[in-house]
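**Student:** Provided herewith is a single structure, encoded as structure tokens, for subsequent inquiry.
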Amino acid sequence: MTLNILFAAASERWDDYEQPLRRALSDAGLGDAILSTQLPAAEVDYIVYAPNSDLRDFTPYTRTKAVLNLWAGVEDIVTNPTLTQPLARMVDDGLTRGMVEWVTGHTLRHHLNTDLHVLHQDGIWRNDDVPPLACDRPVTILGLGALGSACAQALCTLGFPVTGWSRSQKSIEGITCLSGDAGLRTALSTAQIVILLLPRTPQTESILNAETLSLMAPGAMILNPGRGTLIDDAALLAALDTGHVAHATLDTFRTEPLPADHPYWAHPRVTVTPHIASTTRPASAARVIVENIRRGEAGEPFLHLVDRALGY
Ligand code: NDP
């Protein structure tokens, strides 16, 4: 029987992914597979999916062995009641390396106080504020998954003392790994830079709120490339107003695009980046998708399966 793969994502993504997917299928010995944006639902074996697709009802896809998400975040599909097929999320080397670069770049910006000199070329010789070494700038990462652990290791290599916090207890060389409520309190109170790389789930909703923000060291900074829902915006704005939080660099928001009149845009202690921290890279992501298809066809377990109960 022919192997039928439906590509269900916004049309511009097809332009990006068609050739990389065909190449990866051919390299995996699956070059005979039909890959298309239009297939009869009852004949589809795998769905390559992005939440910007129109596909919402998975009920007619009775033959489908797996839905393979192109994005790392699955909040837009994980609660879909019609989805009974296994769901795999994206863990892509290109996505991970992009996130490491964004996190490292923005961490170094704040660590080195780069803005002071970049934004003040005004003839004043400001040489009284030499930054500390990285080893004196503790960093905490909330979320030690594919992205958080890679960022933790990169920052550790640069010399930052890195603490990571996750749901289950981890052990990563060079990183202080914490979990649980007490671990969160320690992770927040000991850091000068806090980086959010948690998924959007009911459990992570407003994990940074008035109470947890108050645990942070005065003058600490926040990077949020995770999800906008991780932060109680009103509480963060209040903490920024008092200077308790010295700066927040935010890549993700509750409403995207961030409305033009949102207070974050004008706040002197906020940097907005438009959800560009990282993205799935077609060449490497296609290989991940096809590896899962190969596994499905060989009867091997799928990689990166989403736990529906946990929501990520
Ligand atoms: P993973 O699923 O690999 O990792 C998630 C991490 O969060 C895990 O360490 C997990 O713990 C931890 N976690 C989840 N829930 C809780 C909780 N309730 N309490 C404590 N820890 C928790 O995801 P990724 O690393 O691949 O991606 C993380 C997020 O980054 C994505 O969900 C997405 O929202 C965001 N993202 C943003 C992008 C951007 O451009 N801004 C691009 C790509 C992703 P455990 O290890 O114990 O399971």
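The values are calculated or read from the model by the stated rules, or taken from the named source; none is laboratory data. Owing to the predicted nature of the structure, the values given are computational and were not obtained by experimental measurement. All Cβ positions, glycine included, derive from the backbone under ideal geometry; neighbour counts span all protein chains shown. Calculation scope for accessible area: heavy atoms of the full protein, side chains included, ligands and nucleic acids excluded. Shrake-Rupley method; radii C 1.70, N 1.55, O 1.52, S 1.80 Å.
**Student:** Of the residues in region 200-247, how many are more than 10 Å from the ligand (Cβ to nearest atom) and of a type in the set (Ser, Thr, Tyr)?
**Tutor:** So the answer is 4.
**Student:** Spot the failing condition for Pro81; the list is (1) open to solvent by 30 Å² or more (accessible area, probe 1.4 Å); (2) within 21 Å of the chain's Cα centre (by Cα), and only one is missed.
**Tutor:** Tallying (1) open to solvent by 30 Å² or more (accessible area, probe 1.4 Å); (2) within 21 Å of the chain's Cα centre (by Cα), Pro81 fails exactly one: (2).
**Student:** Sticking with this one: Hey, can you tell me all the residues within region 69-96 that are in contact with a helix residue (DSSP H, G or I) (Cβ under 8 Å, 6 or more places away or on another chain) and closer than 15 Å to Leu303 by Cβ?
**Tutor:** Of everything in region 69-96, those that are in contact with a helix residue (DSSP H, G or I) (Cβ under 8 Å, 6 or more places away or on another chain) and closer than 15 Å to Leu303 by Cβ turn out to be Leu70, Ala72, Ala88, Met90, Val91, Asp92, Asp93, Leu95, Thr96.
**Student:** Moving to a separate point now. Collect the residues in region 270-287 that are polar (S, T, N, Q) and over 23 Å from Phe253 (Cβ atoms), keeping them in residue-number order.
**Tutor:** Ser284
**Student:** Looking at region 286-307, is at least one residue among the polar types (S, T, N, Q), open to solvent by less than 50 Å² (accessible area, probe 1.4 Å) and under 19 Å from the mean Cα position of the chain (by Cα)?
**Tutor:** No: region 286-307 contains no residue that is among the polar types (S, T, N, Q), open to solvent by less than 50 Å² (accessible area, probe 1.4 Å) and under 19 Å from the mean Cα position of the chain (by Cα).
**Student:** Which condition does Leu188 not pass, out of (1) buried (at least 19 other Cβ atoms within 10 Å of the Cβ); (2) more than 13 Å from the ligand (Cβ to nearest atom), if it passes all the others?
**Tutor:** Unmet condition: (2).
**Student:** Looking at region 269-296, which of its residues are assigned to a loop (DSSP other than H, G, I, E, B) and more than 14 Å from the ligand (Cβ to nearest atom)?
**Tutor:** Our first condition is that a residue be assigned to a loop (DSSP other than H, G, I, E, B); within region 269-296, this holds for 269, 273-281.
The one that is assigned to a loop (DSSP other than H, G, I, E, B) and more than 14 Å from the ligand (Cβ to nearest atom): Arg269.
**Student:** Checking the condition at positive phi and out of contact with any strand residue (DSSP E or B) (no Cβ under 7 Å at 6 or more places or on another chain), which residue from Asn80, Asn127, Asn113 passes?
**Tutor:** Answer to the selection: Asn113.
**Student:** Let me ask something else about it. Would you check which residues across region 84-120 are farther than 22 Å from Val139 by Cα, within 13 Å of the ligand (Cβ to nearest atom) and open to solvent by less than 30 Å² (accessible area, probe 1.4 Å) and list them?
**Tutor:** First pass over region 84-120, keeping only residues farther than 22 Å from Val139 by Cα: 84-94, 117-120.
After this cut, where a residue has to be within 13 Å of the ligand (Cβ to nearest atom) as well, the list is 87-94.
The answer is Leu87, Ala88, Met90, Asp92, Gly94.
**Student:** Now for a different question. Residue by residue through region 192-226, note down the ones that are among the small types (Gly, Ala, Ser), open to solvent by 20 Å² or more (accessible area, probe 1.4 Å) and within 20 Å of Thr273 (Cβ to Cβ).
**Tutor:** The answer is none; no residue qualifies.
**Student:** Still on this structure, please answer the following. Which residues, taken from region 63-78, are farther than 13 Å from Ile289 by Cβ, open to solvent by less than 10 Å² (accessible area, probe 1.4 Å) and within 11 Å of the ligand (Cβ to nearest atom)?
**Tutor:** Correct list: Val74 only.
**Student:** Run down Gly159, Gly174 and say which single residue is open to solvent by 20 Å² or more (accessible area, probe 1.4 Å), within 15 Å of Leu144 (Cβ to Cβ) and touching a Cys at 6+ places or on another chain (Cβ under 7 Å).
**Tutor:** Gly174
**Student:** Among (1) surrounded by fewer than 20 Cβ atoms within 10 Å (Cβ to Cβ); (2) closer than 17 Å to Arg287 by Cα; (3) not basic (Lys, Arg), where does Asp57 come up short?
**Tutor:** It is condition (2) that Asp57 fails.
**Student:** Something else: Select the helices (runs of 4 or more DSSP H) contained entirely in region 103-191, then report the ones holding at least 2 residues which are touching a residue at least 40 places away in the same chain (Cβ under 8 Å).
**Tutor:** Fully inside region 103-191 and qualifying: 146-157, 180-189.
**Student:** Just the residues that are surrounded by 19 or more Cβ atoms within 10 Å (Cβ to Cβ) and not polar (S, T, N, Q), please, taken from region 238-251.
**Tutor:** Ala239, Leu240, Val245, His247, Ala248, Leu250, Asp251
**Student:** Condition check: touching a Gly at 6+ places or on another chain (Cβ under 6 Å) and more than 30 Å from Arg254 (Cα to Cα). Does Leu35 satisfy that?
**Tutor:** No.
**Student:** Next question. Under 6 Å between Cβ atoms, which residue pairs at least 6 apart in sequence (or on different chains) link something in region 271-289 that is closer than 19 Å to Tyr49 by Cβ with a partner that is acidic (Asp, Glu) and assigned to a helix (DSSP H, G or I)?
**Tutor:** From region 271-289, the pairs are Pro282/Asp16; Ser284/Asp93.
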